[in-house]
1. Scan the strands (runs of 3 or more DSSP E) fully inside the range 1-59 and keep the ones with 1 or more residues being within 30 Å of Ala150 (Cα to Cα), of a type in the set (Gly, Ala, Ser) and touching a Phe, Trp or Tyr at 6+ places or on another chain (Cβ under 7 Å).
2. Can you tell me which residues in the range 117-151 are in a loop (DSSP other than H, G, I, E, B) and either of a type in the set (Gly, Ala, Ser) or over 22 Å from Ala73 (Cα atoms) (or both)?
3. Scan the range 1-32 for residues that are within 23 Å of Tyr77 (Cα to Cα) and without any contact (Cβ under 8 Å) to a residue 40 or more places away in the chain and jot them down.
4. Could you list, ordered by first residue, the pairs with Cβ atoms under 6 Å in which the first is in the range 99-121 and over 13 Å from Met63 (Cβ atoms) and touching a residue at least 24 places away in the same chain (Cβ under 8 Å) and the second is β-branched (Val, Ile, Thr) and part of a strand (DSSP E or B), at least 6 apart or interchain?
5. Based on this model, can you work out whether Asp165 counts as more than 25 Å from Glu14 (Cβ to Cβ), modelled with pLDDT of 95 or more, surrounded by 14 or more Cβ atoms within 10 Å (Cβ to Cβ) and in contact with a Ser or Thr (Cβ under 6 Å, 6 or more places away or on another chain)?
6. Which condition does Ala32 not pass, out of (1) under 28 Å from Pro139 (Cβ atoms); (2) within 14 Å of the chain's Cα centre (by Cα), if it passes all the others?
7. Do we have Asp106 as touching a helix residue (DSSP H, G or I) at 6+ places or on another chain (Cβ under 7 Å) and part of a loop (DSSP other than H, G, I, E, B) here?
8. With respect to Gly36, determine if the residue is small (Gly, Ala, Ser), surrounded by fewer than 19 Cβ atoms within 10 Å (Cβ to Cβ) and farther than 27 Å from Lys173 by Cβ.
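The values are calculated or read from the model by the stated rules, or taken from the named source; none is laboratory data. Everything numeric here is computed off the predicted structure, so don't read it as measured data. So basically every Cβ, Gly included, is an ideal-geometry build from the backbone, and we count neighbours across all protein chains shown.
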Amino acid sequence: MVEFLIAGLGNPGERYEKTRHNVGFWTVDELARRRGVKVKKLKFHGVYAADGNLLLLKPQTFMNLSGQAVRDAAAFYKLPPERVIVIHDDAALPPGKLRIRASGSDGGHNGIKDILYHLQTDRFLRVKIGIGPPPPEIPLTDWVTGAVPASERNVLESAVPRAADAAECILSKGIEPAMNLYNGGL
């Protein structure tokens, strides 16, 4: 029986695979790899894999419409928001830094804004992965959907296993211990 939903946010398609906005997808792929499952079944406006009490979801609605997929999966399994973990990028955090939260605002993130709208609460858990702010001459949309240069990619790629560890810590120990362990340094 599914007891937790982990939704990694991103944009579907090859064009977006290596973008900053897709670190949530990368993390769900890492969690799936660790569990020996493939995130490829179609349902809930996304692709998913179920592994025991856990549902791993990658919404395929594009980032700004992620809420519908998260809502549909949570509703199907009758999961309260406190059992929904959303993994996403955060331009307000330095690249590679993690921040775990039990609730809060959208922080300017349109995917989170849509989830807030569809769940009608802010009480879902978040694992944020810092991607850093764009330089002044680059619009935020171009920053998050542009390819990550090889010189920066290793910082984000090294954050993915730590974000997966943080999500697993939430599952096994709870949100407070996870916040204490992962809200510090890089």
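1. Values: elements: 4-8, 41-43, 46-51, 54-59.
Fully inside the range 1-59 and qualifying: 4-8.
2. Applying the first criterion (in a loop (DSSP other than H, G, I, E, B)) to the range 117-151 yields 120-124, 131-139, 146, 148-149.
Passing the criteria: Ile131, Gly132, Pro133, Pro134, Pro135, Pro136, Glu137, Ile138, Pro139, Gly146, Val148, Pro149.
3. Hits for the range 1-32 are Phe25, Asp29, Ala32.
4. Between residues of the range 99-121 that are over 13 Å from Met63 (Cβ atoms) and touching a residue at least 24 places away in the same chain (Cβ under 8 Å) and residues that are β-branched (Val, Ile, Thr) and part of a strand (DSSP E or B), the close pairs are Ile100/Val127.
5. Values: more than 25 Å from Glu14 (Cβ to Cβ): yes; modelled with pLDDT of 95 or more: yes; surrounded by 14 or more Cβ atoms within 10 Å (Cβ to Cβ): yes; in contact with a Ser or Thr (Cβ under 6 Å, 6 or more places away or on another chain): no.
So Asp165 fails the test.
6. Just one mismatch for Ala32, condition (1).
7. Values: touching a helix residue (DSSP H, G or I) at 6+ places or on another chain (Cβ under 7 Å): yes; part of a loop (DSSP other than H, G, I, E, B): yes.
Answer is yes for this residue.
8. Working: small (Gly, Ala, Ser): yes; surrounded by fewer than 19 Cβ atoms within 10 Å (Cβ to Cβ): yes; farther than 27 Å from Lys173 by Cβ: no.
So Gly36 fails the test.
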